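Inspection log for the structure reproduced underneath, given as C-alpha cells.
The values are calculated or read from the model by the stated rules, or taken from the named source; none is laboratory data. All of these numbers come straight from a predicted model, not from anything done at the bench. In this analysis, Cβ positions are derived from the backbone assuming ideal geometry, glycine residues included, and neighbour counts consider all displayed protein chains. In case anyone asks, the SASA skips ligands and DNA or RNA and just uses the protein heavy atoms, side chains included. Shrake-Rupley method; radii C 1.70, N 1.55, O 1.52, S 1.80 Å.
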Amino acid sequence: MDSLNRNRESGLDRVYKMAKKSTMIHKHGAVIIRNNEIIGEGYNHVSSYMSHRYSVHAEVAAIMSVPKRLRNRRTFEESTMLVVRICGKDHHLNMSKPCENCRKEIEKAGIRRVFYSVDTNNTNSDSLSSQDSNSAYASSSDTM
C-alpha cells in the first residue's frame, strides 16, 4: 500500500499509470483510496480460465486487489474509487463511466464515491465526473 501526498493529484497520477499498463485497445485504470492511502489498484486486461478468455475490468481488478484483511463494508464505505480511460497516441482521457456490471460490483462492495474521466477530445482540459452511490451519476467536473 502506498501513502499519498495528501492530495488527489497523486491518486490521479497513479490511476493514469495503471491505465497505461493495459495492453487492450481501450485502456482503463482504477485505484481505491482510503485515508490518503491507495489500498487497491487495477487495470483492464484479458485473463484465461481453462479454455475461456475474458476481460477483467479495471474496477473489479482494483476491488479484488484490496488485501483480504481490509475487504469489509466499512473500509469500502470510507473509500473513493478513481477510474480513467486513456486513448490515442497522446493518451488523452476518454469517458470511463463504469459499465452496469462494474457499477453493481462497486455498489456491492460499498464504495460510495467514484470519480471517472470524461471525454477530453472536445475540451481544453482533462476532467473527471463523480458518481455518488446515493444518487445517479452526478456530473461535477473537476480539473486534473
Open item on the list: Which GluC sites (Glu not before Pro) in the stretch 34-64 sit in a loop by DSSP (not H, G, I, E or B) and have at most 11 other Cβ atoms within 10 Å of their own Cβ?
Closed with: none
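In square nanometres, what is the average projected area of the Cα convex hull of the stretch 29-103?
Mean orientational projected area (the stretch 29-103, Cα hull): 6.5 nm².
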Task: Heavy-atom accessible area ranking, 1.4 Å probe, most first, across 27, 20, 89 - done: 89, 20, 27
Open item on the list: Taking R0 as 22 Å, what FRET efficiency do you get between residue 68 and residue 107 from their Cβ-Cβ distance, rounded to the nearest 0.05?
Closed with: 0.60
